[in-house]
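Comments concern the structure below.
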Amino acid sequence: MAVYIVLLGPPGVGKGTQAKILAEKTGLAHISSGDLFRENIKSRTELGQLAQSYMNKGELVPDDVTIAMIRERLSRPDCQKGAILDGFPRTPAQADALKQMLVDFGGDVDAVPYITAEAEVLIARLSGRWTCRANGHVFHVRFNPPQKAGICDLDGSELYQRDDDKIETVTRRIQVYMEQTAPLISYYRQAGKLIEINGDQPIEQVRVSLSKALERWI
Ligand code: AP5
């Protein structure tokens, strides 16, 4: 039976960092809605143009296009064993849609690790983040620096700072998270799927906490 894990938490808490580690360990597909939008922006698709207009302001991309994008991604062969969802769902409507699409794929959301940290930690992480242009590998100028400044350790490509990591956009993203995504905490708690993880620890400690919490499934 396929395993589906949803990583929930505010912008910059470390969802992408931990999702990549988990995907490598388990062989589950890593599905990041933000990365999918950024790929569409890079290849100048219609979806990319639409997404960019929302992302630049720190707003959410509309539910209908986001849900359709994730449904298509989950139907690909590399998701047969399941997936780690990073950044989706982000609204109650997306969570309902996910539940329905997983019924169609013969599964359900198994566990929802909710990674937490205070706003000042998130801001420090996002303002120092450097992302690799080729494959989206993530570094931090202080907490996880690349061996050579400006160059990705894993594929040698250029590192850049995301447009939406500017302080005004970060502040708006955190506000949007509180208004539109935080309701999912009680949604998944009531469903008995929520597992709280302290994200205000070094990357390795968060990895250990997550591995222990997900032992039953991975
Ligand atoms: P998205 O790309 O999903 O951004 P996000 O959720 O805001 O999350 P981030 O990627 O900013 O942070 P993260 O938690 O993955 O942290 P990371 O591991 O990189 O979304 C971007 C935009 O796309 C949205 O604003 C929206 O417009 C749109 N969008 C996406 N999904 C959508 C949806 N479902 N519906 C509608 N719109 C959607 O880590 C951050 C930094 O901290 C890194 O530098 C890392 O090295 C460092 N770090 C990580 N962990 C630690 C640690 N434990 N200690 C110290 N440093 C750490």
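The values are calculated or read from the model by the stated rules, or taken from the named source; none is laboratory data. Everything numeric in this text was worked out from a predicted model, so none of it was measured. Neighbour counts are summed over all protein chains in view; Cβ atoms, including those assigned to glycine, are modelled from backbone coordinates with ideal geometry. The protein model used for the area step is the full one, side chains on, heavy atoms only, and it has no ligands, DNA or RNA in it. Shrake-Rupley method; radii C 1.70, N 1.55, O 1.52, S 1.80 Å.
Structure notes:
- Other residues whose C-beta falls under 10 angstrom from the C-beta of D165 contribute a net charge of +3, scoring Lys and Arg +1 and Asp and Glu -1.
- Of Q147, Y187, A117, farthest towards positive along the dipole that unit charges on Lys, Arg, Asp, Glu beta carbons give the stretch 98-192: Q147
- Accessible area in square angstrom per residue, the stretch 94-201, 1.4 angstrom probe: 53
- Spherically averaged projected area of the convex hull of Cα atoms, the chain: 11.2 nm².
- The dipole here belongs to the stretch 139-213: it is taken about the Cα centre, uses +1 on the Cβ of Lys and Arg and -1 on the Cβ of Asp and Glu, and is about 280 debye.
- For the chain, built as a Gaussian network whose Cα springs stay under 10 Å, the top-fluctuating residue of A97, A119, A149: A149
- Scalar couplings 3J(HN,Hα) for the stretch 156-161, obtained by applying the Karplus form with A = 6.51, B = -1.76, C = 1.60 to θ = phi - 60°, are x, 7, 5, 9, 9, 9 Hz; x denotes Gly and Pro.
- Assuming charge only on the beta carbon of Lys and Arg (+1) and of Asp and Glu (-1), the dipole of the chain about its Cα centre is about 280 debye to the nearest 20.
- Residues whose amide H falls under 5 Å from that of H140, counting only those 5 or more places apart or on a different chain, are W130, with hydrogens built in the peptide plane.
- Cys residues of the chain counted as unpaired, since no other Cys beta-carbon is under 4.7 Å: C79
- Most mobile listed residue (I197, I41, I70) in the chain, GNM with C-alpha springs under 10 Å: I41
- The 3J(HN,Hα) values that the Karplus relation (6.51, -1.76, 1.60; θ = phi - 60°) gives for the stretch 170-181 are, in residue order, 4, 4, 5, 4, 5, 5, 4, 4, 4, 6, 10, 9 Hz. Gly and Pro appear as x.
- Counted charge near G16, where neighbours are those whose Cβ lies closer than 10 Å (Asp, Glu -1; Lys, Arg +1): +1
- Here the chain carries DSSP beta bridges of which approximately 30% are antiparallel, counting only pairs with both residues inside.
- The string of couplings for the stretch 16-26 from the Karplus curve (6.51, -1.76, 1.60, θ = phi - 60°) is x, 4, 6, 4, 5, 5, 5, 5, 5, 5, 9 Hz, one whole number per residue in order, with x for Gly and Pro.
- Entries in K20/K193; K42/K193; K15/K42 that, when Cα-Cα distance is taken, lie over 24 Å: K42/K193
- Amide H within-cut-off set for H30, under 5 Å, with H built and near neighbours excluded: I84
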